[in-house]
Amino acid sequence: MWGGRFDGGPAAVMQQINASIPFDKRLWRQDIAGSLAHVAMLGATGILEPDAVARIETGLRAIHADYEADGVPEDPALEDIHMHVETRLAELIGPDAGRLHTARSRNDQVATDFRLWVRAACDDIDAALKALVAALLTRAEAHADTIMPGFTHLQVAQPVTLGHHLMAYFAMFGRDRGRFADARARMNECPLGAAALAGTGFAIDRMMTASTLGFDRPTANSLDSVSDRDFAIEFLTCAAQTALHLSRLAEEIILWASQPFGWVRLPDAWSTGSSIMPQKRNPDAAELARGHSGRIVGLCVGLMAVMKGLPLAYSKDMQDDKEPLFEAHDLLALSLAAMTGMVESLTFVPDRMRAAAASGFSTATDLADWLVREAGVPFREAHHITGRAVKAAEAAGVQLDALSLDALRAVDPRIDGRVFGVLSVEASVASRGSLGGTAPFRVREAIAAARSGL
(Lines give C-alpha, C1' and ligand atoms only; values in the text may rest on other atoms or scores of the structure.)
Protein backbone atom coordinates (compact mmCIF):
# COMPACT_ATOMS: atom_id res chain seq x y z
CA MET A 1 0.00 0.00 0.00
CA TRP A 2 2.69 2.46 0.96
CA GLY A 3 5.78 0.91 -0.63
CA GLY A 4 6.77 4.22 -2.20
CA ARG A 5 7.42 5.77 1.19
CA PHE A 6 8.80 2.78 3.11
CA ASP A 7 11.91 0.75 2.30
CA GLY A 8 11.36 -2.07 4.81
CA GLY A 9 8.44 -4.14 5.93
CA PRO A 10 6.80 -4.13 9.35
CA ALA A 11 8.14 -6.06 12.30
CA ALA A 12 6.32 -9.28 13.03
CA VAL A 13 4.71 -7.86 16.16
CA MET A 14 3.80 -4.66 14.31
CA GLN A 15 2.09 -6.72 11.65
CA GLN A 16 0.21 -8.63 14.33
CA ILE A 17 -0.96 -5.58 16.27
CA ASN A 18 -1.81 -3.67 13.12
CA ALA A 19 -3.87 -6.33 11.37
CA SER A 20 -7.62 -6.14 11.90
CA ILE A 21 -8.71 -8.78 9.40
CA PRO A 22 -9.44 -11.43 12.09
CA PHE A 23 -12.42 -9.36 13.20
CA ASP A 24 -13.20 -6.74 10.55
CA LYS A 25 -13.73 -9.46 7.94
CA ARG A 26 -17.23 -9.39 9.39
CA LEU A 27 -17.74 -6.18 7.39
CA TRP A 28 -17.16 -7.81 4.00
CA ARG A 29 -20.74 -7.41 2.77
CA GLN A 30 -20.79 -3.76 3.76
CA ASP A 31 -17.37 -3.17 2.22
CA ILE A 32 -18.41 -4.60 -1.13
CA ALA A 33 -21.73 -2.72 -1.05
CA GLY A 34 -19.90 0.54 -0.35
CA SER A 35 -17.41 -0.12 -3.14
CA LEU A 36 -20.20 -0.89 -5.62
CA ALA A 37 -21.94 2.37 -4.71
CA HIS A 38 -18.68 4.29 -4.97
CA VAL A 39 -17.67 2.94 -8.38
CA ALA A 40 -21.16 3.49 -9.76
CA MET A 41 -20.88 7.14 -8.69
CA LEU A 42 -17.42 7.44 -10.24
CA GLY A 43 -18.90 6.22 -13.48
CA ALA A 44 -21.97 8.47 -13.33
CA THR A 45 -19.81 11.56 -12.74
CA GLY A 46 -17.39 10.68 -15.54
CA ILE A 47 -14.44 10.22 -13.20
CA LEU A 48 -14.08 6.62 -14.46
CA GLU A 49 -14.93 5.42 -17.92
CA PRO A 50 -17.81 2.92 -18.34
CA ASP A 51 -15.60 -0.04 -19.30
CA ALA A 52 -13.52 0.28 -16.13
CA VAL A 53 -16.65 0.63 -14.01
CA ALA A 54 -18.14 -2.50 -15.54
CA ARG A 55 -14.97 -4.53 -14.93
CA ILE A 56 -14.76 -3.36 -11.31
CA GLU A 57 -18.43 -4.12 -10.67
CA THR A 58 -18.10 -7.60 -12.19
CA GLY A 59 -15.04 -8.30 -10.06
CA LEU A 60 -16.70 -7.08 -6.86
CA ARG A 61 -19.73 -9.28 -7.45
CA ALA A 62 -17.45 -12.26 -8.04
CA ILE A 63 -15.70 -11.58 -4.73
CA HIS A 64 -19.09 -11.38 -3.03
CA ALA A 65 -20.01 -14.78 -4.41
CA ASP A 66 -16.66 -16.27 -3.34
CA TYR A 67 -16.87 -14.89 0.20
CA GLU A 68 -20.47 -16.01 0.50
CA ALA A 69 -19.51 -19.53 -0.46
CA ASP A 70 -16.13 -19.96 1.21
CA GLY A 71 -15.72 -17.17 3.75
CA VAL A 72 -13.04 -14.50 3.85
CA PRO A 73 -9.42 -15.71 3.69
CA GLU A 74 -7.12 -14.03 6.20
CA ASP A 75 -3.73 -12.61 5.22
CA PRO A 76 -2.28 -10.44 8.02
CA ALA A 77 -0.01 -8.74 5.51
CA LEU A 78 -3.12 -7.21 3.91
CA GLU A 79 -4.23 -5.78 7.28
CA ASP A 80 -7.97 -5.35 6.84
CA ILE A 81 -11.05 -6.28 4.87
CA HIS A 82 -10.63 -3.28 2.57
CA MET A 83 -7.23 -4.39 1.31
CA HIS A 84 -8.35 -8.01 1.07
CA VAL A 85 -11.15 -6.97 -1.28
CA GLU A 86 -8.95 -4.66 -3.31
CA THR A 87 -6.13 -7.21 -3.61
CA ARG A 88 -8.52 -9.94 -4.70
CA LEU A 89 -10.08 -7.52 -7.17
CA ALA A 90 -6.64 -6.91 -8.70
CA GLU A 91 -6.14 -10.65 -9.07
CA LEU A 92 -9.44 -10.89 -10.92
CA ILE A 93 -9.39 -7.81 -13.18
CA GLY A 94 -5.86 -6.45 -13.16
CA PRO A 95 -4.73 -2.79 -12.88
CA ASP A 96 -8.25 -1.36 -13.07
CA ALA A 97 -8.71 -2.51 -9.48
CA GLY A 98 -6.39 0.30 -8.39
CA ARG A 99 -8.82 2.85 -9.80
CA LEU A 100 -11.58 1.88 -7.37
CA HIS A 101 -9.92 3.88 -4.60
CA THR A 102 -10.11 7.13 -6.58
CA ALA A 103 -11.60 9.92 -4.40
CA ARG A 104 -11.79 7.62 -1.41
CA SER A 105 -9.73 6.84 1.69
CA ARG A 106 -9.83 3.89 4.01
CA ASN A 107 -10.92 6.44 6.63
CA ASP A 108 -14.25 7.26 5.01
CA GLN A 109 -14.50 3.70 3.68
CA VAL A 110 -14.38 2.08 7.12
CA ALA A 111 -16.65 4.74 8.62
CA THR A 112 -19.21 3.92 5.95
CA ASP A 113 -18.85 0.16 6.30
CA PHE A 114 -19.18 0.36 10.06
CA ARG A 115 -22.26 2.58 9.92
CA LEU A 116 -23.88 0.15 7.51
CA TRP A 117 -23.14 -2.72 9.89
CA VAL A 118 -24.37 -0.91 13.00
CA ARG A 119 -27.51 0.21 11.19
CA ALA A 120 -28.27 -3.41 10.31
CA ALA A 121 -27.47 -4.42 13.90
CA CYS A 122 -30.12 -1.98 15.15
CA ASP A 123 -32.66 -3.65 12.88
CA ASP A 124 -31.55 -7.08 14.05
CA ILE A 125 -31.92 -6.22 17.74
CA ASP A 126 -35.26 -4.52 17.14
CA ALA A 127 -36.62 -7.69 15.55
CA ALA A 128 -35.46 -9.68 18.59
CA LEU A 129 -37.02 -7.15 20.96
CA LYS A 130 -40.27 -7.30 19.02
CA ALA A 131 -40.38 -11.08 19.49
CA LEU A 132 -39.80 -10.65 23.24
CA VAL A 133 -42.51 -8.03 23.72
CA ALA A 134 -44.93 -10.15 21.70
CA ALA A 135 -44.24 -13.06 24.06
CA LEU A 136 -44.78 -10.80 27.07
CA LEU A 137 -48.10 -9.62 25.65
CA THR A 138 -49.31 -13.18 25.12
CA ARG A 139 -48.45 -14.23 28.67
CA ALA A 140 -49.83 -11.00 30.17
CA GLU A 141 -53.15 -11.48 28.38
CA ALA A 142 -53.46 -15.01 29.76
CA HIS A 143 -52.76 -13.76 33.29
CA ALA A 144 -54.61 -10.45 33.41
CA ASP A 145 -56.52 -11.74 36.46
CA THR A 146 -53.76 -13.79 38.12
CA ILE A 147 -52.99 -12.22 41.48
CA MET A 148 -49.45 -11.91 42.81
CA PRO A 149 -47.76 -9.68 45.37
CA GLY A 150 -46.28 -6.40 44.28
CA PHE A 151 -43.09 -5.53 46.09
CA THR A 152 -41.23 -2.50 47.27
CA HIS A 153 -37.86 -3.11 48.92
CA LEU A 154 -38.56 -6.78 48.07
CA GLN A 155 -41.22 -6.68 50.81
CA VAL A 156 -44.85 -7.50 50.06
CA ALA A 157 -46.49 -4.14 49.35
CA GLN A 158 -49.84 -4.40 47.52
CA PRO A 159 -51.49 -7.07 45.40
CA VAL A 160 -51.08 -6.72 41.64
CA THR A 161 -51.77 -9.00 38.71
CA LEU A 162 -49.17 -11.04 36.90
CA GLY A 163 -50.40 -9.50 33.66
CA HIS A 164 -49.69 -6.04 35.04
CA HIS A 165 -46.25 -7.11 36.19
CA LEU A 166 -45.36 -8.52 32.77
CA MET A 167 -46.65 -5.38 31.08
CA ALA A 168 -44.13 -3.38 33.11
CA TYR A 169 -41.41 -5.25 31.22
CA PHE A 170 -43.28 -4.65 27.99
CA ALA A 171 -42.97 -0.92 28.75
CA MET A 172 -39.24 -1.24 29.47
CA PHE A 173 -38.47 -3.12 26.29
CA GLY A 174 -40.70 -0.76 24.33
CA ARG A 175 -38.47 2.11 25.43
CA ASP A 176 -35.47 0.07 24.36
CA ARG A 177 -36.97 -0.30 20.89
CA GLY A 178 -37.44 3.45 20.78
CA ARG A 179 -33.83 4.07 21.75
CA PHE A 180 -32.53 1.81 18.98
CA ALA A 181 -34.86 3.49 16.49
CA ASP A 182 -33.61 6.93 17.55
CA ALA A 183 -29.99 5.80 17.31
CA ARG A 184 -30.60 4.33 13.87
CA ALA A 185 -32.16 7.55 12.61
CA ARG A 186 -29.28 9.64 13.96
CA MET A 187 -26.56 7.46 12.42
CA ASN A 188 -28.20 7.27 9.00
CA GLU A 189 -25.81 9.70 7.30
CA CYS A 190 -23.15 8.62 4.83
CA PRO A 191 -19.45 9.44 5.44
CA LEU A 192 -18.36 8.24 2.00
CA GLY A 193 -16.72 11.11 0.13
CA ALA A 194 -15.08 12.65 3.18
CA ALA A 195 -11.89 10.89 2.02
CA ALA A 196 -9.02 10.94 4.51
CA LEU A 197 -10.24 13.97 6.45
CA ALA A 198 -10.58 17.01 4.17
CA GLY A 199 -12.85 15.86 1.38
CA THR A 200 -11.62 15.40 -2.19
CA GLY A 201 -10.79 17.50 -5.22
CA PHE A 202 -12.71 15.17 -7.53
CA ALA A 203 -16.21 16.26 -8.56
CA ILE A 204 -17.98 13.40 -6.76
CA ASP A 205 -21.71 13.09 -6.07
CA ARG A 206 -22.10 12.31 -2.37
CA MET A 207 -25.88 12.45 -2.58
CA MET A 208 -25.78 9.58 -5.08
CA THR A 209 -23.66 7.29 -2.90
CA ALA A 210 -25.70 8.15 0.19
CA SER A 211 -28.96 7.34 -1.59
CA THR A 212 -27.60 4.12 -3.11
CA LEU A 213 -26.62 2.85 0.33
CA GLY A 214 -29.93 3.79 1.93
CA PHE A 215 -28.67 6.76 3.94
CA ASP A 216 -30.84 9.82 4.41
CA ARG A 217 -28.07 12.22 3.47
CA PRO A 218 -24.26 12.63 3.41
CA THR A 219 -22.50 13.68 6.58
CA ALA A 220 -21.95 17.42 6.78
CA ASN A 221 -18.32 17.76 7.92
CA SER A 222 -15.45 15.73 6.52
CA LEU A 223 -13.38 15.86 9.72
CA ASP A 224 -16.30 14.67 11.83
CA SER A 225 -17.19 12.07 9.21
CA VAL A 226 -14.01 10.05 9.63
CA SER A 227 -13.48 10.59 13.36
CA ASP A 228 -17.03 10.17 14.67
CA ARG A 229 -17.90 6.98 16.50
CA ASP A 230 -20.89 8.38 18.37
CA PHE A 231 -23.09 5.95 16.48
CA ALA A 232 -21.09 3.01 17.82
CA ILE A 233 -21.19 4.27 21.39
CA GLU A 234 -24.90 5.01 21.08
CA PHE A 235 -25.56 1.46 19.93
CA LEU A 236 -23.64 0.24 22.97
CA THR A 237 -25.56 2.49 25.36
CA CYS A 238 -28.83 1.21 23.90
CA ALA A 239 -27.54 -2.35 24.21
CA ALA A 240 -26.45 -1.75 27.80
CA GLN A 241 -29.86 -0.37 28.78
CA THR A 242 -31.62 -3.30 27.13
CA ALA A 243 -29.27 -5.71 28.86
CA LEU A 244 -30.08 -4.09 32.22
CA HIS A 245 -33.77 -4.70 31.60
CA LEU A 246 -33.10 -8.29 30.58
CA SER A 247 -31.06 -8.75 33.74
CA ARG A 248 -33.92 -7.50 35.92
CA LEU A 249 -36.35 -9.89 34.24
CA ALA A 250 -33.84 -12.72 34.53
CA GLU A 251 -33.35 -12.00 38.23
CA GLU A 252 -37.08 -12.22 38.86
CA ILE A 253 -37.39 -15.51 37.01
CA ILE A 254 -34.46 -16.87 39.02
CA LEU A 255 -36.14 -15.84 42.27
CA TRP A 256 -39.57 -17.09 41.24
CA ALA A 257 -38.15 -20.48 40.23
CA SER A 258 -36.49 -20.99 43.63
CA GLN A 259 -38.20 -23.28 46.13
CA PRO A 260 -39.03 -20.54 48.66
CA PHE A 261 -41.04 -18.78 45.94
CA GLY A 262 -42.18 -21.63 43.70
CA TRP A 263 -44.07 -19.25 41.43
CA VAL A 264 -42.80 -20.69 38.13
CA ARG A 265 -41.69 -24.05 36.86
CA LEU A 266 -38.82 -24.05 34.42
CA PRO A 267 -39.17 -26.06 31.22
CA ASP A 268 -36.49 -28.62 30.46
CA ALA A 269 -35.50 -26.70 27.33
CA TRP A 270 -34.34 -23.70 29.37
CA SER A 271 -32.82 -25.45 32.40
CA THR A 272 -29.76 -27.44 33.29
CA GLY A 273 -29.03 -30.01 35.98
CA SER A 274 -26.27 -30.63 38.48
CA SER A 275 -23.36 -33.02 38.12
CA ILE A 276 -23.79 -34.14 41.74
CA MET A 277 -27.34 -33.24 42.87
CA PRO A 278 -29.88 -35.12 40.78
CA GLN A 279 -32.84 -33.09 42.01
CA LYS A 280 -31.56 -29.77 40.67
CA ARG A 281 -33.20 -27.75 37.91
CA ASN A 282 -31.09 -24.65 37.42
CA PRO A 283 -32.22 -21.46 35.60
CA ASP A 284 -28.93 -21.19 33.72
CA ALA A 285 -30.36 -19.39 30.68
CA ALA A 286 -31.63 -16.60 32.89
CA GLU A 287 -28.40 -16.52 34.87
CA LEU A 288 -26.32 -16.24 31.71
CA ALA A 289 -28.50 -13.40 30.42
CA ARG A 290 -27.98 -11.69 33.76
CA GLY A 291 -24.23 -12.22 33.46
CA HIS A 292 -24.11 -11.02 29.86
CA SER A 293 -25.55 -7.70 30.95
CA GLY A 294 -22.41 -6.96 32.93
CA ARG A 295 -20.21 -7.73 29.96
CA ILE A 296 -22.25 -5.48 27.69
CA VAL A 297 -22.04 -2.57 30.13
CA GLY A 298 -18.28 -3.12 30.29
CA LEU A 299 -17.98 -3.07 26.50
CA CYS A 300 -19.83 0.24 26.40
CA VAL A 301 -17.56 1.82 29.00
CA GLY A 302 -14.51 0.36 27.23
CA LEU A 303 -15.22 2.07 23.91
CA MET A 304 -15.99 5.34 25.67
CA ALA A 305 -12.56 5.12 27.28
CA VAL A 306 -10.91 4.48 23.89
CA MET A 307 -12.56 7.54 22.32
CA LYS A 308 -12.41 9.99 25.22
CA GLY A 309 -9.06 11.65 24.41
CA LEU A 310 -8.66 11.37 20.64
CA PRO A 311 -7.92 14.54 18.67
CA LEU A 312 -9.41 15.02 15.22
CA ALA A 313 -9.38 13.27 12.86
CA TYR A 314 -8.72 9.51 12.49
CA SER A 315 -6.39 7.69 14.88
CA LYS A 316 -5.48 4.01 14.84
CA ASP A 317 -7.01 3.66 18.32
CA MET A 318 -10.33 3.61 16.48
CA GLN A 319 -9.49 0.20 15.07
CA ASP A 320 -10.60 -1.01 18.52
CA ASP A 321 -14.14 0.21 17.91
CA LYS A 322 -15.47 -2.89 16.17
CA GLU A 323 -14.83 -5.80 18.50
CA PRO A 324 -16.90 -4.28 21.35
CA LEU A 325 -19.80 -3.75 18.95
CA PHE A 326 -19.61 -7.24 17.51
CA GLU A 327 -19.41 -8.85 20.95
CA ALA A 328 -22.19 -6.72 22.44
CA HIS A 329 -24.49 -7.42 19.51
CA ASP A 330 -23.91 -11.15 19.71
CA LEU A 331 -24.35 -11.29 23.49
CA LEU A 332 -27.49 -9.18 23.39
CA ALA A 333 -29.05 -11.13 20.52
CA LEU A 334 -28.35 -14.39 22.33
CA SER A 335 -29.76 -13.09 25.62
CA LEU A 336 -32.89 -11.80 23.90
CA ALA A 337 -33.48 -15.14 22.19
CA ALA A 338 -33.01 -17.03 25.47
CA MET A 339 -35.28 -14.75 27.48
CA THR A 340 -37.95 -14.85 24.79
CA GLY A 341 -37.88 -18.63 24.86
CA MET A 342 -38.18 -18.64 28.66
CA VAL A 343 -41.07 -16.17 28.71
CA GLU A 344 -42.93 -18.20 26.11
CA SER A 345 -42.58 -21.50 27.95
CA LEU A 346 -42.53 -20.82 31.69
CA THR A 347 -45.30 -22.47 33.69
CA PHE A 348 -46.71 -20.07 36.27
CA VAL A 349 -48.16 -21.32 39.57
CA PRO A 350 -51.08 -18.95 40.32
CA ASP A 351 -52.03 -20.55 43.66
CA ARG A 352 -48.58 -19.93 45.09
CA MET A 353 -48.63 -16.36 43.79
CA ARG A 354 -52.03 -15.61 45.30
CA ALA A 355 -51.04 -17.10 48.65
CA ALA A 356 -47.98 -14.85 48.70
CA ALA A 357 -50.09 -11.83 47.75
CA ALA A 358 -52.42 -12.50 50.67
CA SER A 359 -49.51 -12.47 53.12
CA GLY A 360 -47.70 -9.52 54.58
CA PHE A 361 -50.91 -7.49 55.18
CA SER A 362 -50.87 -6.44 51.54
CA THR A 363 -54.36 -4.88 51.70
CA ALA A 364 -53.45 -2.45 54.50
CA THR A 365 -53.55 0.50 52.11
CA ASP A 366 -57.08 -0.54 51.11
CA LEU A 367 -58.18 -0.22 54.73
CA ALA A 368 -56.62 3.24 54.96
CA ASP A 369 -58.27 4.30 51.69
CA TRP A 370 -61.64 2.97 52.94
CA LEU A 371 -61.35 5.08 56.09
CA VAL A 372 -60.69 8.15 53.95
CA ARG A 373 -63.56 7.46 51.54
CA GLU A 374 -66.23 6.10 53.86
CA ALA A 375 -65.45 7.65 57.26
CA GLY A 376 -63.96 10.99 56.17
CA VAL A 377 -60.73 10.33 58.06
CA PRO A 378 -57.68 12.37 56.93
CA PHE A 379 -55.23 10.04 55.24
CA ARG A 380 -52.43 10.53 57.75
CA GLU A 381 -54.80 9.60 60.58
CA ALA A 382 -56.10 6.67 58.52
CA HIS A 383 -52.50 5.55 58.06
CA HIS A 384 -52.00 5.40 61.84
CA ILE A 385 -55.29 3.60 62.39
CA THR A 386 -54.38 1.02 59.80
CA GLY A 387 -50.99 0.55 61.41
CA ARG A 388 -52.70 -0.31 64.69
CA ALA A 389 -54.99 -2.74 62.84
CA VAL A 390 -51.98 -4.46 61.27
CA LYS A 391 -50.39 -4.71 64.70
CA ALA A 392 -53.57 -6.35 66.06
CA ALA A 393 -53.72 -8.81 63.16
CA GLU A 394 -50.04 -9.64 63.60
CA ALA A 395 -50.62 -10.32 67.30
CA ALA A 396 -53.56 -12.56 66.45
CA GLY A 397 -51.56 -14.40 63.79
CA VAL A 398 -54.04 -13.64 61.00
CA GLN A 399 -54.31 -11.40 57.95
CA LEU A 400 -56.38 -8.21 58.03
CA ASP A 401 -59.42 -9.72 56.33
CA ALA A 402 -59.50 -12.46 59.00
CA LEU A 403 -59.83 -10.02 61.90
CA SER A 404 -63.31 -9.87 63.38
CA LEU A 405 -65.37 -6.72 63.07
CA ASP A 406 -65.19 -6.32 66.84
CA ALA A 407 -61.40 -6.44 66.69
CA LEU A 408 -61.36 -3.81 63.96
CA ARG A 409 -63.85 -1.58 65.79
CA ALA A 410 -61.67 -1.86 68.87
CA VAL A 411 -58.96 -0.20 66.80
CA ASP A 412 -61.34 2.52 65.57
CA PRO A 413 -65.14 2.62 66.09
CA ARG A 414 -65.73 4.27 62.71
CA ILE A 415 -64.95 0.97 60.98
CA ASP A 416 -68.07 -0.99 60.00
CA GLY A 417 -68.89 -4.21 58.18
CA ARG A 418 -68.56 -2.67 54.72
CA VAL A 419 -64.80 -2.72 55.16
CA PHE A 420 -64.66 -6.45 54.41
CA GLY A 421 -65.59 -5.63 50.82
CA VAL A 422 -62.14 -4.10 50.28
CA LEU A 423 -59.85 -6.30 52.35
CA SER A 424 -59.51 -9.31 50.04
CA VAL A 425 -56.69 -9.35 47.50
CA GLU A 426 -59.24 -9.72 44.70
CA ALA A 427 -61.06 -6.58 45.84
CA SER A 428 -57.78 -4.72 46.23
CA VAL A 429 -56.67 -5.52 42.70
CA ALA A 430 -60.07 -4.75 41.20
CA SER A 431 -60.12 -1.35 42.89
CA ARG A 432 -56.90 -0.14 41.27
CA GLY A 433 -58.67 1.15 38.18
CA SER A 434 -56.78 4.40 37.69
CA LEU A 435 -55.10 4.79 34.31
CA GLY A 436 -52.05 2.55 34.32
CA GLY A 437 -53.29 0.61 37.33
CA THR A 438 -53.36 -3.12 37.98
CA ALA A 439 -57.13 -3.69 37.75
CA PRO A 440 -57.69 -6.48 35.22
CA PHE A 441 -59.79 -4.29 32.94
CA ARG A 442 -56.95 -1.75 32.81
CA VAL A 443 -54.45 -4.51 32.09
CA ARG A 444 -56.58 -5.72 29.17
CA GLU A 445 -56.88 -2.15 27.87
CA ALA A 446 -53.10 -1.80 28.00
CA ILE A 447 -52.63 -5.10 26.17
CA ALA A 448 -55.09 -4.10 23.45
CA ALA A 449 -53.34 -0.76 22.97
CA ALA A 450 -49.95 -2.50 22.87
CA ARG A 451 -51.12 -4.97 20.24
CA SER A 452 -52.36 -2.17 18.01
CA GLY A 453 -49.00 -0.44 18.47
CA LEU A 454 -47.08 -3.53 17.42
**OP:** Mind grabbing the base-10 log of I(q)/I(0) for region 356-453 at q = 0.15, 0.17, 0.24, 0.25 Å⁻¹? Debye formula, identical points on the C-alpha positions, no solvent, two decimal places.
**Re:** -0.61, -0.74, -1.24, -1.31
Original post:
What list of ³J(HN,Hα) couplings, whole Hz, do you get for region 193-206 from phi and the Karplus terms 6.51, -1.76, 1.60, once you set θ to phi - 60° and write x for glycine and proline?
Top reply: x, 6, 6, 5, 5, 10, x, 9, x, 6, 7, 7, 10, 5
**OP:** At most 13 other Cβ atoms within 10 Å and a DSSP loop assignment: could you name the GluC sites (Glu not before Pro) in region 59-136 that fit?
**Re:** E74
Subject >> Kirkwood hydrodynamic radius of the chain, Cα pairs, Å >> reply: 26.3 Å
Original post:
Roughly what angle does helix 364-375 make with the longest principal axis of the chain, taking Cα atoms, 0 to 90 degrees, to the nearest 10?
Top reply: 60 degrees
**OP:** Pop out the carbon and sulfur fraction of the accessible area of the chain as a percent, whole number, probe 1.4 Å.
**Re:** 55 percent
**OP:** For region 12-102, give the magnitude of the charge dipole about the Cα centre (Cβ charges: +1 Lys/Arg, -1 Asp/Glu; no others), in debye to the nearest 20.
**Re:** 180 debye
**OP:** Over the chain, average the accessible area per residue using a 1.4 Å probe and give it in Å², no decimals.
**Re:** 46 Å²
Subject >> Inter-part distance where region 226-253 and region 42-76 are each reduced to a Cα centre, Å >> reply: 35 Å
Original post:
What span do the alpha-carbon atoms of region 27-128 cover on each of the three principal axes, reported in whole Å from largest to smallest?
Top reply: 44, 31, 23
Original post:
Over the chain, what is the percentage of antiparallel beta bridges among all DSSP beta bridges, to the nearest 5?
Top reply: 80 percent
Subject >> 5 angstrom amide H check on G150, placed H, neighbours 5+ away >> reply: A157, Q158, V160
Original post:
Charges only on Cβ, +1 for Lys and Arg, -1 for Asp and Glu: so what's the dipole of region 356-453 about the Cα centre, in debye to the nearest 20?
Top reply: 280 debye
Original post:
Taking K and R as +1 and D and E as -1, what net charge do the other residues with C-beta under 14 Å from the C-beta of P76 add up to?
Top reply: -4
Subject >> Alpha-carbon radius of gyration plus Dmax, which is the widest Cα pair, for region 183-342 in Å >> reply: 21.8, 73
Subject >> Sum of side-chain charges, I233 neighbourhood, beta-carbon under 11 Å (Lys, Arg +1; Asp, Glu -1) >> reply: -2
Subject >> chymotrypsin sites (Phe, Trp or Tyr not before Pro) restricted to region 179-270 and DSSP loop, no more than 12 other C-beta within 10 Å >> reply: none
Original post:
What list of ³J(HN,Hα) couplings, whole Hz, do you get for region 443-453 from phi and the Karplus terms 6.51, -1.76, 1.60, once you set θ to phi - 60° and write x for glycine and proline?
Top reply: 4, 5, 4, 5, 5, 4, 5, 5, 5, 5, x
**OP:** Whole Å is fine, so just give me how far the alpha carbon centre of region 336-375 lies from that of region 382-448.
**Re:** 14 Å
Original post:
Using a Cα distance threshold of under 18 Å, what count of lysine pairs results for the chain when pairs must be 8 or more residues apart or interchain?
Top reply: 4
Subject >> Vicinal HN-Hα couplings computed from phi for region 283-288 (Karplus, 6.51 cos²θ - 1.76 cosθ + 1.60; Hz; Gly/Pro x) >> reply: x, 5, 4, 5, 5, 5
**OP:** Scan the chain and report its longest stretch carrying no trypsin sites (Lys or Arg not before Pro) that are both in a DSSP loop and have at most 10 other Cβ atoms within 10 Å.
**Re:** 6-307
Subject >> the chain, relative contact order [Cα under 8 Å, separation at least 6], % >> reply: 17 percent
**OP:** Would you mind working out the magnitude of the charge dipole of the chain relative to its Cα centre, with +1 at each Lys and Arg C-beta and -1 at each Asp and Glu C-beta, to the nearest 20 Debye?
**Re:** 1420 debye
Original post:
Say the dipole of region 1-160 comes from +1 at the beta carbon of Lys and Arg and -1 at that of Asp and Glu; which of A128, S35, T146 then lies farthest toward its positive end?
Top reply: T146
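The values are calculated or read from the model by the stated rules, or taken from the named source; none is laboratory data. The structure displayed is predicted, hence computed values, not measured ones. Reconstructed Cβ throughout: ideal geometry from the backbone, glycine too, with neighbour counts over all protein chains shown. Side chains included, ligands, DNA and RNA excluded: accessible areas come from the protein's heavy atoms. Shrake-Rupley method; radii C 1.70, N 1.55, O 1.52, S 1.80 Å.
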